[in-house]
Structure formats: structure tokens, C-alpha cells
Amino acid sequence: MAHFFISLLTDFGYRDHYVGVMKGVIFRINPQVKIVDISHQVTPHNITEGAFLLYNVYSYFPPGTIFVAVVDPGVGSKRKPILVKTENFYFVGPDNGIFGLIYEEIKNFEVLELNNPRFFLSPVSATFQGRDIFAPVAAYLSSGVSPLEMGKAIKNFVRLPFTQPTFKKKEIQGKVIYIDGFGNLVTNIKAPDFIPSDKKQLKIKIGNKIISGLAKNYQEVEKGSLLALIGSSNFLEIAVSEGSAQKKLKGKVGDPVQVFLS
């Protein structure tokens with residue numbers, strides 16, 4: 001399998017040197033590889049948010065892409081550094097649940113604990129293993145090194161405690177799991193969870209607001225009006241036309257959302 005791309009996802013931001021030095025480590029090992037940034041603006045230490053962003057991105061990349069995901073509040077602790085091998089992709093990062101939604105989506109995968117210091121920088125920092133372990137491992141993988149040289153397969157690994165919606169006879173209970181840069185409130189309720197074919201009959205409740213039916217796009221209601229729709233990630237979203245649902249509703253991650261089925 002060819003590895004033309006390494007894709008990076010972190011909570012490092014751009015103020016500091018962290019992203020740049022990871023790229024420098026990768027290029028020193030494999031100057032030919034292409035690096036693609038997913039995001040470095042994950043809310044600090046928010047593993048669930050990082051997992052959600054990675055889940056929404058990975059399948060659009062070409063086979064052979066190596067994803068490095070570093071949202072790692074447990075850096076330097078006993079949590080394992082791991083490599084997840086699937087049929088089409090590799091995922092490199094900490095064993096803290098960051099790949100939890102990948103485990104749910106992809107049925108056939110293998111998890112290896114990275115334990116061969118030959119592929120690490122030396123010494124390994126207790127606070128920056130993105131630079132010292134995950135970046136060099138990804139670079140060596142992109143150069144054609146077999147993952148079997150880097151670690152051993154393990155069966156016990158951390159699965160993300162991703163809360164699924166609950167279902168009653170004519171009601172779905174979910175919650176906000178992510179707020180994007182436009183202030184749209186993304187829920188954990190997926191489009192297939194909706195039973196009726198006529199989605200205009202649905203009612204969505206968030207806070208003390210009731211939204212009738214699903215819009216097809218953001219312009220289907222008047223500017224400044226609240227709406228609900230199925231977003232590009234196939235999850236139910238609460239939005240405001242040309243505005244911010246987060247500001248209008250004072251929304252936050254964890255807010256309950258109910259869908260009433262006719």
C-alpha cells in the first residue's frame with residue numbers, strides 16, 4: 001500500500017511551535033510525503049470532539065493515508081501509544097478513545113501497541129509524544145516500514161464512551177455533541193434514526209424551543225430564524241439562518257435534544 005499522505009489532527013492550536021515541529025520530524029524522515037492538516041483547533045483535551053472530527057474526515061482521503069491524532073491529556077502516563085491498522089488506513093495516536101468512532105465504523109482492524117524505540121526520537125519527552133513517538137512512527141510508515149516492526153497486537157484498548165441516542169415509541173432523546181465554527185449545534189442523532197418518510201411532521205425540542213419539521217438547507221427559513229436539518233455529516237443539526245444557534249440558544253455541548261415522531 002502506498003502512503004502519500006499523513007494527515008494531522010491535534011488540539012495544539014497555531015500559537016506555539018508544536019504543529020511545526022511535528023511536521024519537521026516527519027519531513028526529516030520522509031521528505032517526499034505530503035502532510036494535510038485536518039484541524040489543530042480541537043478544544044484542548046476534548047477527546048470526544050477530536051474523535052468526532054476524525055470520524056467525519058477519514059473516509060474522504062485516498063487509501064493509504066496515515067492519520068495522526070493527538071488530543072492527549074494523559075500524555076506521559078501509563079496510557080499506551082498505539083497504531084490502528086485497517087484495510088485502507090493507518091491511525092496513530094494515544095490509546096485514550098480518540099479512535100473510538102473508527103472502531104465502531106470499521107469492522108476489521110488491528111490495534112498495535114507501539115513499543116519499538118527504534119522508531120521514536122530519543123529521549124522521549126513525557127509531555128510531547130506527538131513529536132517523539134507519533135510523528136516519527138507515521139513518517140516511517142509512510143516510508144514503507146511494516147507496522148509489525150513497530151509494535152505488538154493488543155486486544156485491550158480504550159473505546160470511546162460515545163453516548164448513543166435513546167428511543168421510545170415516538171420519541172428520540174439525544175444531545176449536542178459538537179458545535180462548529182458557525183455556531184451550528186450538531187447532535188448525536190443520525191438521519192437513519194428518523195422513522196417517518198414525511199419529515200415535515202417531526203418536531204424537535206431544544207431548551208424551551210420547538211422546531212417543526214426539517215429544513216433542506218439554511219436558506220429555507222427567514223434570516224435569523226431557528227431551523228433543524230440533516231447536516232453534511234448526516235447528523236441532526238440545530239442552526240440559525242445566517243446566524244449562530246449557539247448564541248441564540250446559549251447552547252453548549254451536552255444540551256438535551258428531543259425529536260418527536262408523528
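May I ask you to list the residues in region 45-74 that are assigned to a helix (DSSP H, G or I) and among the hydrophobic types (A, V, I, L, M, F, W, C)? Passing the criteria: Ile47, Ala51, Phe52, Leu53, Leu54, Val57.
Count of region 1-50 residues, restricted to those that are among the hydroxyl-bearing types (Ser, Thr, Tyr) and out of contact with any Phe, Trp or Tyr (no Cβ under 8 Å at 6 or more places or on another chain), is 3. Residues that are among the polar types (S, T, N, Q), farther than 13 Å from Val68 by Cβ and either outside any loop (DSSP other than H, G, I, E, B) or touching a Pro at 6+ places or on another chain (Cβ under 9 Å) (or both) within region 97-134 comprise just one, Asn115. Does any residue of region 82-100 turn out to be within 16 Å of Ala138 (Cα to Cα), among the basic types (Lys, Arg) and touching a residue at least 40 places away in the same chain (Cβ under 8 Å)? Taking every residue of region 82-100 in turn, at least one turns out to be within 16 Å of Ala138 (Cα to Cα), among the basic types (Lys, Arg) and touching a residue at least 40 places away in the same chain (Cβ under 8 Å). Of the residues making up region 15-40, those that are farther than 15 Å from Arg131 by Cα and either touching a strand residue (DSSP E or B) at 6+ places or on another chain (Cβ under 9 Å) or hydroxyl-bearing (Ser, Thr, Tyr) (or both) number 6.
If the condition is being hydroxyl-bearing (Ser, Thr, Tyr) and either within 24 Å of Thr43 (Cβ to Cβ) or buried (at least 17 other Cβ atoms within 10 Å of the Cβ) (or both), then region 157-185 contributes Thr163, Tyr178.
For the structure I just gave you, tell me whether Ser77 is of a type in the set (Ser, Thr, Tyr) and in a loop (DSSP other than H, G, I, E, B). It is true that Ser77 is of a type in the set (Ser, Thr, Tyr) and in a loop (DSSP other than H, G, I, E, B). Only one entry of Ile238, Ile154 meets the criterion of being modelled with pLDDT of 95 or more and surrounded by fewer than 16 Cβ atoms within 10 Å (Cβ to Cβ), and that entry is Ile154. Within region 60-78, which residues are at negative phi, in contact (Cβ under 8 Å) with a residue 24 or more places away in the chain and surrounded by fewer than 15 Cβ atoms within 10 Å (Cβ to Cβ)? Pro62, Pro63, Pro73 - these are the residues of region 60-78 that are at negative phi, in contact (Cβ under 8 Å) with a residue 24 or more places away in the chain and surrounded by fewer than 15 Cβ atoms within 10 Å (Cβ to Cβ).
Check whether at least one residue in region 18-39 is within 23 Å of Ser233 (Cβ to Cβ) and either part of a loop (DSSP other than H, G, I, E, B) or not assigned by TED's automatic domain parsing to the domain that holds Leu112 (or both), and report yes or no. Taking every residue of region 18-39 in turn, none turns out to be within 23 Å of Ser233 (Cβ to Cβ) and either part of a loop (DSSP other than H, G, I, E, B) or not assigned by TED's automatic domain parsing to the domain that holds Leu112 (or both). The listed residues are Ala153, Ala138, Ala126, and the only one of them that is within 22 Å of the chain's Cα centre (by Cα) and small (Gly, Ala, Ser) turns out to be Ala138. For region 18-56, filtered to residues that are among the aromatic types (Phe, Trp, Tyr) and within 18 Å of Pro136 (Cα to Cα), the residue that is surrounded by the most Cβ atoms within 10 Å (Cβ to Cβ) is Tyr18.
Within region 14-36, residues that are over 17 Å from Thr65 (Cα atoms) and of a type in the set (A, V, I, L, M) have Cβ atoms under 6 Å from residues that are at pLDDT 95 or above and part of a loop (DSSP other than H, G, I, E, B) in these pairs: Val19/Phe12; Val19/His40, counting only partners at least 6 apart in sequence or on another chain.
Check whether at least one residue in region 214-231 is modelled with pLDDT of 90 or more, of a type in the set (Lys, Arg) and either touching a strand residue (DSSP E or B) at 6+ places or on another chain (Cβ under 6 Å) or surrounded by 19 or more Cβ atoms within 10 Å (Cβ to Cβ) (or both), and report yes or no. So far as region 214-231 goes, no, none of its residues is modelled with pLDDT of 90 or more, of a type in the set (Lys, Arg) and either touching a strand residue (DSSP E or B) at 6+ places or on another chain (Cβ under 6 Å) or surrounded by 19 or more Cβ atoms within 10 Å (Cβ to Cβ) (or both).
With respect to Ala245, determine if the residue is free of Cβ contacts under 8 Å to residues at least 40 places away in the same chain and either aliphatic (A, V, I, L, M) or over 19 Å from Leu54 (Cα atoms) (or both). For Ala245, the condition - free of Cβ contacts under 8 Å to residues at least 40 places away in the same chain and either aliphatic (A, V, I, L, M) or over 19 Å from Leu54 (Cα atoms) (or both) - is not met.
The values are calculated or read from the model by the stated rules, or taken from the named source; none is laboratory data. Fair warning: this is a prediction, and the values are worked out from it, not measured in the lab. Counting neighbours? That spans all protein chains shown, and the Cβs are built from the backbone with ideal geometry, glycine included.
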